[in-house]
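Laboratory data are not the source of any read-out in this text; all were calculated from the coordinates shown. Bear in mind that the values here come from a model prediction, so they are computed numbers and not experimental data. Don't worry about glycine lacking a Cβ; one is built from the backbone with ideal geometry, like all the others, and counts go over all protein chains shown.
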Amino acid sequence: MTAPDYVPGHGLLTGKNVLITAAAGTGIGFATAKRCVEEGATVVISDKHERRCGESAAELGVPGIPCDVTNEDSVRALIAGAAEAFAGSNGGGIDVLINNAGLGGTVELHEMTDDQWGIVLDVTLNGTFRCMRAGLQHMYERGSGVIVNNASVLGWRAQEGQAHYAAAKAGVMALTRCAAIEAGKRGVRVNAVAPSIAMHPFLAKVTSDELLDELTQREAFGRYAEPWEVANVMVFLASDYSSYMTGEVVSVSSQHA
């Protein structure tokens, strides 16, 4: 089955200021930034890779702020820089924070080093925590806001060689749920998406053809997701159409149960 036609924008984020991490390149982050622009948002993107961040920002026509989510000072500078960039737009401030930064890898647990475990957890889970903490503090002062995190179906399901990534993504899910309970009384919603397999050139470069074929065969549609199909669900969670949703982890997957 082939992918459906690209869905045009419907103005779902008109009047919103949206900050997206790990949005350079060709993956889910960039696709989400592109969709947010198409849905009428004012957007700032971020990425650890300064050159790619600048190139992607130029392609989208939006500001780009380099940020390493493993560094607290860098995260604080990102939130402050985005808030400044939004100062003259839609009342100022960050309305939506989309946390997309994550790092994977394949290694079986008995061979995994502390460094291999640690870097995946630091980027994927701790990085999400750092961005959420800074973002929530900003949103609490404003009395409103939305956070959308990128988790993974591996937070629920087992896959060989993915213990570190699965543990990190399960942590993102739990972090999302707990933060949502705290944030609700302050006017802030927190949700997450859990994709299965969304194909882009970087994933193809670091994953064997055999594994990609195996994962694709598990999908009910017989194909992988396009990054923009995951981005569409992120846009929905960022929009006012999901106003009574918080603490939810939405599967963006056609995998068999």
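Overview of values
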quantity	calculated
Those chymotrypsin sites (Phe, Trp or Tyr not before Pro) in the range 1-89 that DSSP places in a loop and that have at most 16 other beta carbons within 10 Å	TYR6
Proxy reagent accessibility, fewest Cβ within 10 Å first, across THR70, THR14, THR128	THR14, THR70, THR128
Within a Gaussian network of the chain (alpha carbon springs, distance under 10 Å), most fluctuating of HIS110, HIS164, HIS49	HIS110
Test item: Cα-centred dipole of the chain, Lys/Arg +1 and Asp/Glu -1 on Cβ, debye	820
Furthest towards positive pole of dipole, LEU237, GLY187, VAL249, structure part the chain, Cβ charges	GLY187
At least 30 Å along the helix axis (C-alpha) and Kyte average at least -0.5, DSSP helices within the chain	163-184
Cα centroid separation - the range 135-171 against the range 93-107, whole Å	8
Pairs of Cα atoms farther than 25 Å apart, the chain, %	39
Computed over the range 17-249: relative contact order in percent, which uses C-alpha pairs under 8 Å that are six or more apart	20
Using distinct alpha-carbon pairs, which all enter the 1/r mean, Kirkwood radius of the range 139-197 in Å	12.2
Options VAL43, LEU97, TYR140, ranked by Cα towards positive dipole end of the chain, top entry (Cβ charges)	TYR140
Nearby aspartates and glutamates by direct alpha-carbon distance to LYS185 (threshold 18 angstrom, same-chain neighbours under 8 apart not counted)	ASP95, GLU141, ASP240, GLU248
